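Read-outs: derived from the displayed coordinates by stated rules, not from any lab. The structure displayed is predicted, hence computed values, not measured ones. Every residue, glycine as well, gets a Cβ built from its backbone with ideal geometry; the counts of neighbours run over all protein chains shown.
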Amino acid sequence: MTHATESRIPSDAENEVVQLCSELIQIESVNTGDLATIGDGEALAAKYIQAKLDEVGYETTYLESIPGRGNVICRLKGADPSRGALLIHGHVDVVPANAAEWTVDPFSGAIQDGYVWGRGAVDMKDMVAMTLAVALDFKRRGVVPPRDLIFAFMSDEEAGGYYGAIWLVENHPELFAGATEAISEVGGFSISLDETRRAYLIAAAEKGVAWATLKASGTAGHGSMTNSDNAVTRIAAAVTALGSYEFPIVRTATVDAFLAAMTRLTGVEFPDDDLEGSVSKLGGIARIVNSTLRNTANPTMLNAGYKMNVIPSTAQACVDCRVLPGTEDSFRKLVSEIVGPDVQIEWVWNPPLEVPFEGALVEAMKAALLSEDADGTAIPYMLSGGTDNKIFATLGIQGYGFSPLRLPSDLDFSALFHGVDERVPVDALTFGTRVLDTFLRTC
Ligand SMILES: [Zn+2]
């Protein structure tokens, strides 16, 4: 085992990763989700990565879906071409930051107090920097991994991936030919179990995103007249019914495995009659876990009418639904029943994801973590949100959230995603780089 010790000589990748992370943060690759206000930051970030990869001899492919939305992909040949390739993907875009709320300039990439600070430090320029550091090191040293590795850095994850992963999968699937598995963001970080032991949460499932547009129609008319066929009344009733509905708790394989592992490691029980209450005792991670116990339907937008004294003939509402694996059909049916036969539903559906937490790749993740943290245990969990792994699933690629970080016990990590004073510990970056290095040599 290669335990990190004081006397250990850091690798080139470890030496480089902090600087790479800081420099990536300094590139303002902000994705507002609005084409009118998105600049060329993503292209600059992708080109920065491409230049680093080119410099050590990779053959890179740089593609813009539309001007300014850059994506860069390269491949490192493995020892056994008959094995499926492993895709390591990351997004270069970040959400906006309001500088007035921050302790430091959110695009400074400041390295201070043991942290790299700035927008993207945990979502996900940390993992992009770790991946890049290991990729550069492998090429310089002539490391031949056991199987092909595909490195992909993409735009637009924060607004659905339409100009990044979705565009690439639809227009250039050949870049991912032969890929069977993937790793990416929002997993592999530690939570503290007590003063000495940690659990590393690997994402093995993601809730689906189901956007429902509810449409009601009725009879248009003058606001002064009696009208029993009012579209606004009808949509309001449907929104109230759906928004206040408490969906039942559903036990999925991944969440059950997470809870069983937590019971084994901590002794905390999760009884059926107080599941949410007992999950709430888990600290910062409770926020995510509690969101993966039920389906949800949150009304977010209403649209009806144009004048106070005109009853409109149509009305509509948008409801952001998040759906557990295995419940898609029953959820869709239940929502139809709740809103009733007079309201039409149009769905935009991005299905949930659940991959097995077993097999050679998972064993390699566990072993790589254990080689750097003998007091760590890797356990599966489910994301309430989504990542580009869902998009790559359409190519048959099984994606995991594995961006290894060993975190201090007092850091509220999940609050840093899209949060104020987003920052990543320098130690966590070097730790993650060592884990990734070991993992990619043994994957
Ligand atoms: Zn992200």
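Length gain on complete extension for the stretch D272 to A374, per 0.36 nm per residue less the alpha carbon to alpha carbon distance?
Extending this stretch completely gives an extra 33.5 nm.
Please enumerate, by chain and number, the aspartates and glutamates with C-alpha under 17 Å from the C-alpha of K333, excluding those fewer than 8 residues away in the same chain.
E246, D320, D342, E346
Normalised radius of gyration for the stretch 344-415, please: alpha carbon Rg relative to 2.2 N^0.38 Å, two decimal places.
1.40
Cut-off is 10 Å between beta-carbons; in what order do L395, L411, L369 appear when sorted fewest neighbours first?
Neighbour counts put them in this order, fewest first: L395, L411, L369.
Convex hull over the Cα atoms of the stretch 207-350, averaged projected area in nm²?
Projected area, direction-averaged: 10.3 nm².
Only bridges whose two residues both fall in the chain count here: according to DSSP, what percent of them are antiparallel, nearest 5?
So the antiparallel bridges amount to about 70 percent of the total.
Can you tell me the length gained on complete extension of the stretch Q112 to N98, counting 0.36 nm per residue apart and subtracting the Cα distance?
Separation in residues times 0.36 nm, less the Cα-Cα distance, equals 3.0 nm.
Along the Cα-to-Cβ line of A241, 7 Å from the Cα, sits a label point; which residues in the stretch 310-352 have backbone N less than 15 Å from it?
317, 332-346
Binning at 5 Å from 0, report for the stretch 177-285 what percent of all alpha-carbon pair distances ends up in each bin.
2, 8, 12, 14, 12, 10, 9, 8, 7, 6, 5, 4, 2, 1, 0
If neighbour count is taken as other Cβ atoms inside 10 Å, put R251, R406 in order from fewest to most.
Fewest-to-most ranking of R251, R406: R251, R406.
Could you tell me the calculated FRET efficiency between I9 and L35, based on Cβ-Cβ distance and R0 = 45 angstrom, to the nearest 0.05?
Efficiency, from the Cβ-Cβ distance: 0.40.
Counting other beta carbons within 10 Å of each Cβ, put D123, D427 in order, fewest first.
D427, D123
In terms of Cα to Cα distance under 24 Å, which lysines are near enough to K281, apart from those fewer than 8 places away along the same chain?
K207
Per the helix-only calculation at 222 nm, which mean residue ellipticity applies to the chain, given -39500 (n - 2.57) for every DSSP H run of n ≥ 4 and division by its residues, nearest 500 deg cm²/dmol?
-9500 deg cm²/dmol
Local charge sum around K366 (other residues, Cβ-Cβ under 14 Å, Lys/Arg +1, Asp/Glu -1)?
-4
K125: which lysines have alpha carbons under 16 Å from its alpha carbon, excluding same-chain residues fewer than 8 sequence positions away?
Output for K125: K47, K52.
From the C-alpha gyration tensor of the chain, pull out the three semi-axes of the equivalent ellipsoid (sqrt of 5λ each), sorted largest to smallest, in whole Å.
Taking √(5λ) for each Cα gyration eigenvalue gives 41, 26, 21 Å.
Would you mind getting me the FRET efficiency between I249 and I345? Use the beta-carbon distance for r and R0 = 30 Å, nearest 0.05.
The calculated FRET efficiency here is 0.80.
May I ask you to compute the full-extension gain from T394 to A220, defined as 0.36 nm times their residue separation minus their alpha-carbon distance, rounded to one decimal in nm?
My answer for the length gained is 58.3 nm.
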